[in-house]
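One structure is given here, and the rest of the page talks about it.
The values are calculated or read from the model by the stated rules, or taken from the named source; none is laboratory data. None of the values given here were measured: they were computed from a predicted structure. Don't worry about glycine lacking a Cβ; one is built from the backbone with ideal geometry, like all the others, and counts go over all protein chains shown. Note: areas computed on protein heavy atoms with side chains; ligands, DNA, RNA excluded. Shrake-Rupley method; radii C 1.70, N 1.55, O 1.52, S 1.80 Å.
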Amino acid sequence: MKISGAEIFIESLKKEGVKHIFGYPGGVVLNIFDRLYDNKDIQLILTRHEQGAVHAADGYARSTGKPGVALVTSGPGATNTVTGIANASMDSIPLVVFSGQVPTMLIGNDAFQEADIVGISRPCTKYNYLAKDVRDLSRIVREAFYIAMSGRPGPVLIDLPKDVTASKTEFTWPEIKIRSYNPTYEGNKWMITQAAHLIAKSKKVVILAGGGVILSGGSKELKELAEYTDIPVTMTLMGLGGFPGTHELSLGMPGMHGTYYANKAIQESDLLIAIGMRFDDRVTGKIDAFAPHAKIIHIDIDPTSIRKNVRVDIPIVGDVKRVLTVLNKVLKEEVKEQWNEVRKAWLKQIDAWRKERPLTYTYSNEVIKPQFVVEKIHELTKGDAIIATEVGQNQMWTAQFYKFDKPRTLLTSGGLGTMGYGFPAAIGAQLAHPNKLVIDIAGDGSIQMNIQELATAVINKLPVKVAILNNRYLGMVRQWQELFFSERYSHTKLDESVPDFVKIAEAYGAVGLRATKPGEVEPVLKEAFKTKRTVFMDFVVDWKEKVFPMVPPGAPIDQMLFEKPEEKAEKKLKAVK
Amino acid sequence: MRHTISLLVENKFGVLSRISGLFSGRGYNIESLSVGETIDPQISIMTIVTSGDDQIIEQITKQLNKLIDVIKVVDMTELEHVEREMVLIKVAPKQEDKAEVLRLAEIFRGRVVDSSQRTYTIEVTGDEKKIEAIVELLKPMGIKEFMRTGKIAIAREGIKK
Ligand SMILES: Cc1ncc(C[n+]2csc(CCOP(=O)(O)OP(=O)(O)O)c2C)c(N)n1
């Protein structure tokens with residue numbers, strides 16, 4: 001029996017086990033939307049912007065490990081997805097994005113709502129397709145899911161011309177074989193053995209764990225490695241949750257807003273074990289001053305990540321989980337050390353750094369400190385929640401003060417740093433986890449970038465909680481202006497233009513709550529967590545608060561600021577008086 | 001250092017753009033590029049000449065390998081190989097230089113493939129040095145147009161550098 005391209009689209013998604021897609025309709029995708037109208041197997045969640053749809057699919061993927069799927073129309077619908085796709089690409093998140101396209105005979109004619117989305121998205125997708133013939137469609141869909149999920153995951157786009165969704169053919173589900181695409185999963189055994197011996201020979205060792213640990217499902221193996229060899233672990237922003245943040249071997253996050261003790265440990269180490277991370281400049285600081293005494297073992301599934309920006313002594317290309325499984329085995333069977341003896345002095349040294357400069361902030365009785373809100377959220381949820389963030393100070397405070405213990409509980413835009421990511425991502429995660437507490441920790445700037453998704457959350461009865469750390473500024477940019485541009489707050493002061501978030505929430509049919517005093521923080525959070533509705537919490541926080549410690553741009557990572565240099569001088573002066 | 005990289009790729013639409021996009025997006029330079037079908041019409045072969053230090057060349061070959069449509073990447077510079085390029089040179093020599101142009105063509109085993117009252121078009125095939133040499137010698141005679149195919153390269157059987 002012959003069926004249409006639109007029906008093939010649905011049959012193929014069913015074969016891939018897709019239950020939810022996020023999308024927005026338009027002229028050229030009407031054939032598909034019509035088939036979705038009374039379909040029982042696949043539910044389309046209508047967002048209020050295509051960027052929201054892609055971020056929601058991304059949040060769905062990050063929180064579940066399954067691919068996220070989005071469907072949009074041609075032209076503006078397709079171009080609106082670009083930020084979401086680039087965002088997923090930078091963070092290696094598996095997505096399959098379907099964009100409608102004008103009929104094949106009109107392609108290249110500057111037809112109404114035509115955009116060359118295959119060309120536009122080429123540099124920010126793992127792969128993309130223009131499906132020109134309905135007979136190729138099911139194979140293309142199958143390949144797209146395979147490519148998105150395998151190797152180093154990433155977004156794949158399929159452009160679907162309108163006539164292809166209308167024309168008919170037999171449905172087949174062909175086995176696929178892509179001869180030119182063969183990701184390496186197993187690490188080289190000889191290299192792994194070399195790594196094990198180097199670990200045994202080295203004293204001051206640090207593990208740098210990245211998003212690859214989470215993507216490969218290797219958290220258990222990482223914990224086993226760290227505990228067995230007594231090696232402390234620092235997790236990049238993307239790696240948070242890949243190793244328990246409350247573990248005694250956890251050093252928290254490294255880099256620009258990382259902990260002093262993580263950065264110190266890296267700089268003083270004689271061996272770094274980098275696992276599923278890519279030495280982003282926010283992690284390394286000044287690259288030629290990074291970890292000057294360390295040998296480096298680098299485990300990553302993507303060969304291009306290795307030796308891209310730091311020298312590597314032992315490169316191991318492979319899937320983190322599989323490589324660590326073998327490494328742990330070799331360490332236990334072939335190396336055998338008295339690890340706690342070897343590591344004693346090093347761990348003691350790290351403890352001293354931890355005591356010297358703990359992660360901290362000054363509490364106030366008068367005004368709400370944003371870090372206090374994050375701490376309270378951690379305390380009240382006992383770490384058992386899915387946390388999304390926006391971008392800016394809110395994101396860094398979350399990374400610092402919420403201790404992520406489990407993988408896939410942090411949804412944050414790491415590589416691209418996309419303001420407006422968190423709220424739709426939280427919506428996607430909530431849809432996948434109806435009974436979990438899902439919280440977006442936001443800034444007053446970022447939340448306005450996709451605030452229209454309140455409608456999506458409310459109409460779908462998704463009880464997402466949004467905690468806005470409202471400082472009336474584009475806080476992170478303001479912080480840079482304060483520290484490096486003589487307090488000239490060029491276009492970062494939002495002030496009276498910040499809308500009444502309580503009223504906005506209510507206007508959309510959500511709950512709006514506000515706290516202006518430290519004592520109100522806990523009651524507001526408790527009330528929000530109790531209700532089954534979508535909630536906006538407006539925390540009016542101290543606008544002057546900055547994210548510290550901070551490595552000034554271009555400095556080595558152990559040269560950190562712990563407060564504003566002038567404030568430090570003032571304090572000293574007062575002390576003298 | 002200069003490297004000649006040979007690629008086998010799927011003969012599909014958009015592949016050239018993926019490859020050139022990789023170079024432009026990461027700030028690498030393509031000095032020359034030639035593409036053609038192989039014996040298997042589903043596969044094309046490309047020869048790219050690029051330059052960079054060891055780390056850049058390593059990244060380029062790894063990034064090329066990572067592209068889904070790239071089947072095989074060989075850095076010819078690491079192998080004993082034969083390189084060839086073909087150029088077409090249109091010269092408009094003065095009357096008194098005409099004999100010299102023809103003599104040079106012959107010395108370089110070039111062929112005159114077209115001539116008009118005022119011009120000769122010479123075809124020369126060879127490696128980079130040979131091409132450079134004849135161009136230098138013909139320049140004073142008045143080169144009107146110059147076309148080149150870009151380099152192609154093939155590894156010598158079984159010989160590693
Ligand atoms: C889409 C986008 N535009 C601009 C930026 C640059 N940027 C980074 S942080 C920031 C300020 C964010 O302000 P807000 O959301 O209020 O968060 P805060 O830093 O105050 O917590 C800006 C503008 C960005 N990251 N993303």
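Observations on the model:
- Dipole magnitude of the range A:189-356, debye to nearest 20 (Cβ charges: Lys/Arg +1, Asp/Glu -1, about Cα centre): 120 debye
- Across the range A:189-356, Cα-Cα pairs farther apart than 28 Å form 10% of the total.
- Amide H contacts of A:GLY187 (H built 1.01 Å from N, under 5 Å, at least 5 apart or other chain): A:ASP319, A:VAL323
- By the compact-protein rule of thumb, 2.2 N^0.38 Å, the alpha-carbon radius of gyration of chain A corresponds to a ratio of 1.00.
- Two-decimal log10 I(q)/I(0) for the range A:353-431, as the Debye equation yields it once each C-alpha is a single scatterer, q = 0.11, 0.13, 0.26 Å⁻¹: -0.32, -0.45, -1.31
- Taking Cα centre as origin and charging only the Cβ of basic (Lys, Arg, +1) and acidic (Asp, Glu, -1) residues, the dipole magnitude of the protein assembly as shown rounds to 1080 debye.
- Restricting the range A:480-566 to trypsin sites (Lys or Arg not before Pro) that sit in a DSSP loop and have at most 12 other Cβ atoms within 10 Å of their own Cβ leaves A:ARG488, A:LYS532.
- A DSSP coil position with no more than 12 other Cβ atoms inside 10 Å describes the following GluC sites (Glu not before Pro) in the range A:286-379: A:GLU366.
- Percent accessible area from carbon and sulfur atoms, the range B:2-79, protein chains only, probe 1.4 Å: 53 percent
- Once C-alpha pairs closer than 8 Å and six or more residues apart are averaged by separation and normalised to the residue number of chain A, the relative contact order reads 14 percent.
- Residues of the range B:48-93 that lose at least 40 Å² of accessible area (1.4 Å probe, protein heavy atoms only) when the other protein chains are present, relative to their chain alone, are B:GLN55, B:GLU58, B:GLN59, B:LYS62, B:LYS66, B:ILE68.
- Rounded Å value of the spacing that divides the Cα centres of the range A:528-555 and the range B:103-161: 68 Å
- Listed residue (A:ASN328, B:GLY36, A:THR169) projecting farthest to the positive dipole end of the protein assembly as shown, Cβ model: A:ASN328
- Annotation for the range A:112-211: GluC sites (Glu not before Pro) lying in DSSP loop with at most 15 further Cβ atoms inside 10 Å of their Cβ are A:GLU175, A:GLU186.
- Simple spin-label estimate for A:ALA507 and B:SER32 in nanometres, 7 Å along Cα-Cβ: 6.4 nm
- Solvent-accessible area assigned to carbon and sulfur over the range A:33-128 amounts to 52 percent, based on a 1.4 Å probe.
- A Förster radius of 56 Å combined with the Cβ-Cβ distance from A:THR104 to A:LYS286 puts the calculated FRET efficiency at roughly 0.60.
- Put simply, the amide H of A:ASP440, placed in the peptide plane, has neighbours under 5 Å in A:ALA388, A:LYS465, A:VAL466, A:ALA467, leaving out anything fewer than 5 places away on its chain.
- Rounded to the nearest 20, the size of the Cβ-charge dipole of the range A:359-548 about its Cα centre is 480 debye, with Lys and Arg at +1 and Asp and Glu at -1.
- Take every DSSP beta bridge whose two residues both sit in the range A:2-170; close to 10 percent of them are antiparallel.
- Among A:ILE427, A:THR389, A:THR304 - extreme Cα towards positive end, dipole of chain A, charges at beta-carbon: A:THR304
- Between A and B, roughly 1700 Å² of accessible area is buried in total, ligands, DNA and RNA not counted and the probe set to 1.4 Å.
- Its Cα gyration tensor gives chain B an equivalent ellipsoid. The semi-axes, each the square root of 5 times an eigenvalue, are 35, 16, 15 Å from largest down.
- A 1.4 Å probe run over the protein chains yields, for the range A:189-356, 37 Å² of accessible area per residue, whole-number rounding.
- Spatial extent of the range B:82-154: Rg and Dmax, with the Cα atoms as the point set, Å: 11.8, 41
- Per residue, the range B:30-96 exposes 48 Å² of accessible surface when a 1.4 Å probe is rolled over the protein heavy atoms with every protein chain present.
- The phi torsions of the range A:497-507, fed into the Karplus equation with coefficients 6.51, -1.76 and 1.60 and a -60° offset, translate into couplings of 6, 5, x, 6, 5, 5, 5, 4, 4, 5, 4 Hz, rounded to whole numbers, with Gly and Pro shown as x.
- Coupling constants for the range A:162-174 follow from the phi torsions by the Karplus curve (6.51 cos²θ - 1.76 cosθ + 1.60, θ = phi - 60°), and in residue order they are 4, 5, 5, 6, 8, 6, 10, 7, 5, 8, 10, 10, x Hz; glycine and proline get x.
- For the range A:406-518, the alpha-carbon coordinates run over 47, 33, 27 Å along the three principal axes, in decreasing order.
- Solvent-accessible surface, computed for protein heavy atoms with a probe of 1.4 Å, shrinks by 30 Å² or more for the following residues of the range A:176-191 when the other protein chains are added to the isolated chain: A:ARG179, A:SER180.
- Between B:ARG111 and A:ALA575, the modelled labels are 8.8 nm apart [label points 7 Å from Cα along Cα→Cβ].
- Distance between the C-alpha centres of the range A:18-68 and the range A:108-160: 16 Å, rounded to the whole angstrom.
- Taking the Kirkwood radius as Rh and the Cα radius of gyration as Rg, the range A:486-546 has a ratio of Rg/Rh equal to 1.07.
- Counting only Cα atoms, the range B:2-79 measures 34, 28, 20 Å along its principal axes, largest extent leading.
- Pairs from the table (A:LYS40/A:LYS436; A:LYS66/A:LYS332; A:LYS329/A:LYS382) lying more than 26 angstrom apart at Cα are A:LYS66/A:LYS332; A:LYS329/A:LYS382.
- Relative to the globular-protein estimate of 2.2 N^0.38 Å, the Cα radius of gyration of the range A:2-170 stands at 0.91.
- Taking 18 Å as the cut-off, the amide N atoms of the range B:128-148 that come nearer than this to a point 7 Å along the Cα-to-beta-carbon line of B:GLU100 belong to B:133-145.
- Protein heavy-atom surface of the range A:215-353, 1.4 angstrom probe: 49% of the accessible area is carbon and sulfur, with nucleic acids and ligands not counted.
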